[in-house]
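Peer 1: One structure is given below, represented as structure tokens, and several questions about it will come after.
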Amino acid sequence: MTKRGVFSGVQLAIVTCVLGGMAAGLSACSSSPQLYTLAPKAGVPVAGSGSSVVEVRTPVVPARLDRDTIVQESKGYRTELASGNSWSEALPDMLGHTLAADIGQRMPMSTVIAQNDAVTTTPTAYVEVTIRNFESDSSGYPIIIAALSAHSAASGSNAVVSTEPFVWRSSQYVGDNSDKLVAALSDGVSVLADHAVAKLNSLPRF
């Protein structure tokens, strides 16, 4: 029989458990997410179109991917998130700036900007991307599935538009490793840039 004001063994265990859970909850709330940023990748510079100005318009990204938390992979009917790992900025903006940097490195004779950059210039050509997949597939390999188009700034019947589906799959298995996933997706964006440059150079001089 316990005395009043003194915890029994069972009561003490319950209190310890509750306090421990509260401490763990506070610790989880106070921890900051890991922030990730796509990185431009060097490519092979190609002959561009002189002093042309190319604008990379902000890519269209589906709502399921356009979120703070990184989408790790798609499995069947499920979208798996990388808990505790987030993009450092909005994914469409980050994609646009990374793609612009990649294209600019490959077209050193051209000026390449991202949409809404604070620059005073008039584009002579545009690159547009609509993203469908930007995560790992069900087997753990990063994929990018998109539609890519490039067109001159000419309007009406003079406008020439070059559009193609873009499908890329990494040969590197990343599993649930966000570091490897973001590095691989950065490689994929650089491949997308290669295709964009080829399309730009297929247009009439712009």
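The values are calculated or read from the model by the stated rules, or taken from the named source; none is laboratory data. Because the structure is a prediction, the values reported are computed rather than measured. Cβ coordinates were reconstructed from backbone atoms using ideal geometry, including for glycine residues, and neighbour counts include every protein chain displayed. The accessibility values were calculated without ligands, DNA or RNA, using every heavy atom of the protein model including side chains. Shrake-Rupley method; radii C 1.70, N 1.55, O 1.52, S 1.80 Å.
Peer 1: Ala184: net charge of surrounding residues, Cβ under 14 Å, Lys/Arg +1, Asp/Glu -1, itself excluded?
Peer 2: Its environment carries a net charge of -3.
Peer 1: How large is ³J(HN,Hα) for each residue in the range 99-109, as worked out from phi by the Karplus curve 6.51 cos²θ - 1.76 cosθ + 1.60 (θ = phi - 60°), to whole Hz, x for Gly and Pro?
Peer 2: For the range 99-109, the Karplus-derived couplings read 5, 4, 5, 5, 5, x, 5, 8, 10, x, 8 Hz, x marking Gly and Pro.
Peer 1: What ranking of Arg57, Arg106, Arg205, Arg67 comes out by heavy-atom accessible area, probe 1.4 Å, highest first?
Peer 2: Arg205, Arg67, Arg57, Arg106
Peer 1: So, with a 1.4 angstrom probe, what is the percent of accessible area on the range 167-206 that is carbon and sulfur?
Peer 2: In the range 167-206, the share of accessible area belonging to carbon and sulfur is 47 percent.
Peer 1: Find out how many positive minus negative residues lie around Val161, taking Lys and Arg as positive, Asp and Glu as negative, among other residues whose Cβ is under 12 Å from that of Val161.
Peer 2: -1
Peer 1: A further question on this structure: Efficiency by 1/(1 + (r/R0)^6): what FRET value for Ala153 and Ala47, r their Cβ-Cβ distance, R0 = 30 Å, to the nearest 0.05?
Peer 2: 0.90
Peer 1: Further, regarding this structure: For labels at Ser202 and Ser139 in the simple 7 Å Cα→Cβ model, what's the distance in nm?
Peer 2: Computed distance between label sites Ser202 and Ser139 equals 2.7 nm.
Peer 1: Can you give the local net charge around Gln105? Use residues other than it whose beta-carbon is closer than 13 angstrom to its beta-carbon, Lys and Arg +1, Asp and Glu -1.
Peer 2: Combined, the nearby Lys, Arg, Asp and Glu give 0.
Peer 1: Let me ask another. Determine which aspartates and glutamates satisfy two conditions relative to Lys199: a Cα distance under 20 Å, and not lying fewer than 8 residues away in the same chain.
Peer 2: Straight-distance partners of Lys199: Glu55, Asp102, Glu128, Glu164, Asp187.
Peer 1: Here is a further query. Any idea what the alpha-carbon Rg over 2.2 N^0.38 Å comes to for the range 64-194?
Peer 2: 1.15
Peer 1: Work out from phi, with θ = phi - 60° and the Karplus expression 6.51 cos²θ - 1.76 cosθ + 1.60, the ³J(HN,Hα) of each residue of the range 137-152, listed in order in whole Hz, and give x for Gly and Pro.
Peer 2: 7, 5, 9, x, 10, x, 9, 10, 10, 8, 10, 10, 9, 9, 8, 6
Peer 1: Tally up the carbon and sulfur contribution to the accessible surface of the range 81-149 as a whole percent, 1.4 Å probe, everything protein left in place.
Peer 2: Solvent-exposed carbon and sulfur of the range 81-149 make up 49 percent of the total.
Peer 1: Straight-line reach from Lys75: which aspartates and glutamates fall under 14 Å, measuring Cα to Cα and dropping same-chain residues less than 8 apart?
Peer 2: Lys75 reaches Glu135, Asp137, Asp176.
Peer 1: Give me the 1.4 Å probe accessible area per residue for the range 88-192, excluding ligands and nucleic acids, in Å².
Peer 2: 45 Å²
Peer 1: Can you tell me how much longer the chain between Thr79 and Arg169 gets when fully stretched, taken as 0.36 nm per residue apart minus their C-alpha distance, in nm with one decimal? Kindly include the intermediate steps, with their values, before the conclusion.
Peer 2: Values: separation 90, 0.36 × 90 = 32.40 nm, distance 1.79 nm.
Taking 0.36 nm per residue and subtracting the Cα distance, the gain is 30.6 nm.
Peer 1: Now for a separate question. Order Glu135, Glu55, Glu128 by their accessible area, 1.4 angstrom probe, all chains in place, largest first.
Peer 2: Result, largest first: Glu128, Glu55, Glu135.
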